[in-house]
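This report concerns only the one structure given below.
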There are 2 protein chains.
Amino acid sequence: MHTVEHVDHASLANWGAACLRAVGCNDDDARTVADALVQTSLWGIDSHGIARLPHYLARIRAGSIEPRPRYTVTRTAPGTAQFDGGHGLGIAAAFAAMALAQTLAREAGIGAVGLCESTHCGAIGLYTRQAARDGLVGIAFTHADSIVAPARGTRKFLGTNPISIAFPRAGGAPLCLDMATSAIPWNRVMNARREGHRLPPDVALDEHGRPTQDANAAAALVPLGGVSYGHKGYALALMIDLLCGPLNGMAFADRIAPMFGDLTQRRRLGGLMIALDPARFAGGATLAQRVAEVVDAIRRQPGDVLYPGEPEERAEAQRRREGIPVEPGLRAEFDDWTQRLGVAPLR
Amino acid sequence: MHTVEHVDHASLANWGAACLRAVGCNDDDARTVADALVQTSLWGIDSHGIARLPHYLARIRAGSIEPRPRYTVTRTAPGTAQFDGGHGLGIAAAFAAMALAQTLAREAGIGAVGLCESTHCGAIGLYTRQAARDGLVGIAFTHADSIVAPARGTRKFLGTNPISIAFPRAGGAPLCLDMATSAIPWNRVMNARREGHRLPPDVALDEHGRPTQDANAAAALVPLGGVSYGHKGYALALMIDLLCGPLNGMAFADRIAPMFGDLTQRRRLGGLMIALDPARFAGGATLAQRVAEVVDAIRRQPGDVLYPGEPEERAEAQRRREGIPVEPGLRAEFDDWTQRLGVAPLR
């Protein structure tokens, strides 16, 4: 048996920032990225939370992530810009790219910033919520290396390419959708392998492209919609890939360097950050209030209906009180990095 | 037994335009809308094709669709505009709104046009393909009256709110995603009722919110992702509703006037048309070529993998040769309108 430790979120964030400074990041980036990872863990999205820090540290040490990147920003039109992330931490670059999209949106009504030469940028709901907290509608896309089979296909081809959309909400946190275009994340397969569980039906294929519930046999994920309606999740993932990769001069689909492959190889990932100023539309003045009314209408629905982002808000309330769960294996990784980097131990 | 007639697409378009002129539309709008409906039928999307013409004619006659609307267009920033469709035919308004978004995109890099006071606008892939044929990336959203239950809910709340994204493709038609956010359209339920078929599993709920395969008992659709992963289709539908309704000062979810309800009641629908100029991004010069390469990569996938829009291209090739299938019930409706309007009979 093993016990899952619960660690205070502020301690985790401080420790994470210290690790990032120790591998060469400046104070601002170290704090931004550590806070973002811990915020994601607070939302309960452990696949994109502080558990990813060791990977980022390893890539910085291996040279494929620059701890002090040189960004190159080119404003190409009143509403558009290209943001070259200089192979730095994707989270810091994505925050900056969305901030620029917000500036463009204030001027041009809508702003779109293409991100290129970047790395894994974590949960994209971080960036759309940033825009929404500023009174704008945020839309974000990123792509990833291949693990999802196309509909009617037998082999992995696309990433779990997510879409996020967030709206300002009167009297509450932004209303935020942040979803991968596969039914489940690959992380869920990894967990099932570790814990000896079977997978639910209609989420994975084996190496021959046959549906499987055996986590150890799983070789690809099924797109959102499952075997019958996965043409929708697949097509959406493909379009997101084009918006992130080819539009920004980056690679697509199975040409993308794997996250957990050669750690010395640059990822060269793309993304697209869009901010839209509601004040330029007929409903702008009342939008945040209408969003609050939608949430009220959802609460009155029969059944146990949640609004988008509500599971994250519930998880955050609990984890702020009880701490963030850290599995023993992850704790060992953390302790290993503490030693290697000579930072103050976590708690 | 009944035989399905196959009608030449050009005859259908001419007849449709004549009907629209007979109820008061100008030549341009009549031609645009009839051609769009027939094009949609050519793609095999019969739910949004020429079968919808009688509904539009009935609404014009009932007064809830204006045959000669007054559009009000307000440019609100370099990249944004509000397009008031004046309760005219949604298809004509949506083409014009996307054309304006394209103009804005040429100037500002990206253009977003909010559509308000409009009516049913058919298949939104019409508008994104228009942008893509012009070398731009087209993104479109619209919303609809409630028929989809939220995840974990028991009662219809949202529309089948679709998203479309289209890219220019070198040497071929645009690559186009056009998908509703429910697993199946309500039209499929209607067909199953008429033909006495059962529904597939995991697509519909009965009036008590229980999953059902009985088409006659179906009272709501399940969002894309089914009972297990429908939180994704549901959340996406909700965000699309906000982009189309509240952003443009229009209603949301179950407050939207039903399509097949009181035909004298204005629909007051919204939409959002976005065009993005690839030339303002790092990959712009090579984008159409990369899209062609993606299509080639998809063709090399094991299995019988199609690219988004390929089923429509296949249907179009067949229907241009063999004609568009018209069910006897629909043919009777057509003949009824021919008589009422005194236009030249269809064939």
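Please find the FRET efficiency linking residue B:103 to residue A:285, where r is the Cβ-Cβ separation and R0 is fixed at 22 Å, and quote it to the nearest 0.05. It would help to have the intermediate numbers written out before the result.
Numbers: r = 26 Å, r/R0 = 1.17.
The calculated FRET efficiency here is 0.30.
Taking the Cα centre as origin and putting +1 on Lys and Arg beta-carbons and -1 on Asp and Glu beta-carbons, what dipole magnitude results for the range A:79-167, to the nearest 20 debye?
On the way: 6 positive and 5 negative charges, 79 e Å.
Here the size comes out at about 380 debye.
Evaluated with a Cβ-only charge set (Lys, Arg +1; Asp, Glu -1), the protein assembly as shown carries a dipole of roughly 340 debye about its Cα centre, given to the nearest 20. Converting phi to 3J(HN,Hα) with the Karplus coefficients 6.51, -1.76 and 1.60 and the offset θ = phi - 60°, the range A:91-104 yields 5, 5, 5, 5, 4, 5, 5, 5, 4, 5, 4, 5, 4, 4 Hz in sequence order, with x at every glycine or proline. Compute the label zone of residue A:5 within the range A:304-347: residues whose backbone N is under 15 Å from the point 7 Å along Cα-to-Cβ. Counting only backbone N, you get A:323-340, A:343-347.
Hey, what did chain A get for relative contact order, percent, Cα under 8 Å, at least 6 apart? Once normalised by length, the contact order is 22 percent.
Taking a ≥ b ≥ c as the square roots of the eigenvalues of the Cα gyration tensor, chain A is rounded, since a/c falls below 1.5.
Once the other residues with Cβ under 12 Å from the Cβ of residue A:114 are scored (Lys, Arg +1; Asp, Glu -1), what is the net sum?
Cβ neighbours under 12 Å give a net charge of -1.
Viscosity 1.306 mPa s, temperature 10 °C: what is the translational diffusion coefficient of the range A:1-88 from Stokes-Einstein with a Kirkwood Rh over Cα pairs, rounded to a whole number of µm²/s? Mind showing how you got there, number by number?
Details: Rh = 14.4 Å.
Here the translational diffusion coefficient equals 110 µm²/s.
Cβ crowding within 10 Å, taken as a proxy for footprinting-reagent exposure, orders B:184, A:165 from fewest neighbours to most as B:184, A:165. Between residue A:198 and residue B:296, the modelled label-to-label distance comes to 4.4 nm, taking each label 7 Å out from Cα in the direction of the beta carbon. In this structure, the amide hydrogen of residue A:249, modeled 1.01 Å from its nitrogen in the peptide plane, lies closer than 5 angstrom to those of B:283, counting only residues at least 5 positions away or on a different chain.
Nearest 5 is fine: what % of DSSP beta bridges in the protein assembly as shown come out antiparallel, could you say?
The antiparallel fraction comes to roughly 85 percent.
Give me the distance between the Cα centres of the range B:121-145 and the range B:229-280, rounded to whole Å. Rounded to whole Å, the Cα centres lie 14 Å apart.
For the range B:1-126, the relative contact order is 20 percent, taking Cα pairs closer than 8 Å that sit 6 or more residues apart in sequence and dividing their mean separation by the residue count.
Suppose every Lys and Arg Cβ carries +1 and every Asp and Glu Cβ carries -1, with no other charges. What dipole size does the range A:32-86 come out with about its Cα centre, to the nearest 20 debye? Numbers along the way, then the final one.
Details: 6 positive and 4 negative charges, 41 e Å.
Dipole of the range A:32-86, to the nearest 20 debye: 200 debye.
Of the peptides A:242-251, B:14-23, the ranking by mean beta-carbon count within 10 Å, highest at the top, reads A:242-251, B:14-23.
Going from the residue with the fewest nearby Cβ atoms within 10 Å to the one with the most, A:127, A:71, A:234, B:307 rank A:71, B:307, A:234, A:127. The mean number of Cβ atoms from other chains found within 10 Å of a Cβ in peptide A:174-182 is 3, as a whole number. In this label model, residue A:265 and residue A:339 are separated by 3.1 nm, measuring between points 7 Å along each Cα→Cβ vector.
Using the Cα gyration tensor of the protein assembly as shown, with a ≥ b ≥ c the square roots of its eigenvalues, what is the shape: rounded (a/c below 1.5), prolate (a/b larger than b/c) or oblate (neither)? Numbers along the way, then the final one.
Working: a/c = 1.81, a/b = 1.63, b/c = 1.11.
Here the protein assembly as shown falls in the prolate category.
Residue by residue along B:20-28, Cβ atoms of other protein chains within 10 Å of the local Cβ number 0 on average.
Would you mind checking the range B:217-240 for residues with the amide N under 16 Å from a putative spin-label position 7 Å along Cα→C-beta of residue B:254? The answer is B:219-223, B:238, whose backbone nitrogens lie closer than 16 Å to the label point. Counting Cβ atoms of other protein chains within 10 Å of each Cβ in A:79-85 and taking the mean gives 5.
Counting other Cβ atoms within 10 Å as a rough exposure proxy, the listed residues A:232, A:156 run A:156, A:232 from fewest neighbours to most.
Quick note: the coordinates plus some simple rules give every number you see, no bench work behind them. Treat the numbers as computed from the prediction; the structure is a model and nothing was measured. Don't worry about glycine lacking a Cβ; one is built from the backbone with ideal geometry, like all the others, and counts go over all protein chains shown.
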